[in-house]
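Down below is the structure, laid out as structure tokens.
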Amino acid sequence: MRILIAYASIDGQTGKIAHRIAETLERDGADPLLVNTRKQTDAPWPEECDGMIAGGPLHREHHPHELGKWLMDHRNDYAERPTAFFSVSLSAASDRQQD
């Protein structure tokens, strides 16, 4: 089973999480493929892909533009496949009221 992990990382935490997901999937027998949508903005949808996990950080209540654009560009590719999405928010761990 080939699983695409499309992500956008700004400070590096989302990238670490995406790679950890890939390691776990691989250990369980899947064939993960990582696409960093901030660096691979024109990455094509992979052939024979069975599902997708996408994720990105929240900065000021928004996910990175590149992730959203890539997901919109490929919405017909993943519409009929199982998908999941994860968000990364470091402000959730903050004690500051403004966060």
* Asked: With every protein chain present, what accessible area does Ile53 have (1.4 Å probe, heavy atoms only), rounded to the nearest 10 Å²?
  -> 30 Å²
* To do: Compute the Rg/Rh shape ratio of the chain: radius of gyration over Kirkwood radius, all on alpha-carbon atoms.
  => 1.00
* Structure fact -> Charge dipole of the chain built from unit charges on the beta carbon (Lys, Arg +1; Asp, Glu -1), centred at mean Cα; most positive-end Cα among Thr24, Leu4, Gly68 is Gly68
* Asked: How much of Asp28 can a 1.4 Å solvent probe reach, expressed as accessible area in Å² and rounded to 10?
  -> 120 Å²
* Asked: Among the trypsin sites (Lys or Arg not before Pro) within segment 9-99, which fall in a DSSP loop and have no more than 15 other Cβ atoms within 10 Å of their own Cβ?
  -> Lys39, Arg60, Arg96
* Asked: To the nearest 10 degrees, how steeply does helix 13-27 sit against the main Cα axis of the chain, on a 0 to 90 scale?
  -> 30 degrees
* Structure fact -> The long-range amide H neighbours of Leu34, using H built 1.01 Å from N in the peptide plane and a cut-off of under 5 Å, are Ile5
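The values are calculated or read from the model by the stated rules, or taken from the named source; none is laboratory data. Predicted model only: the values in this text are computed from it and were never measured. Backbone-built Cβ (ideal geometry, glycine too); neighbour counts: all protein chains shown. The area values use the complete protein model at the heavy-atom level, side chains included, leaving out ligands, DNA and RNA. Shrake-Rupley method; radii C 1.70, N 1.55, O 1.52, S 1.80 Å.
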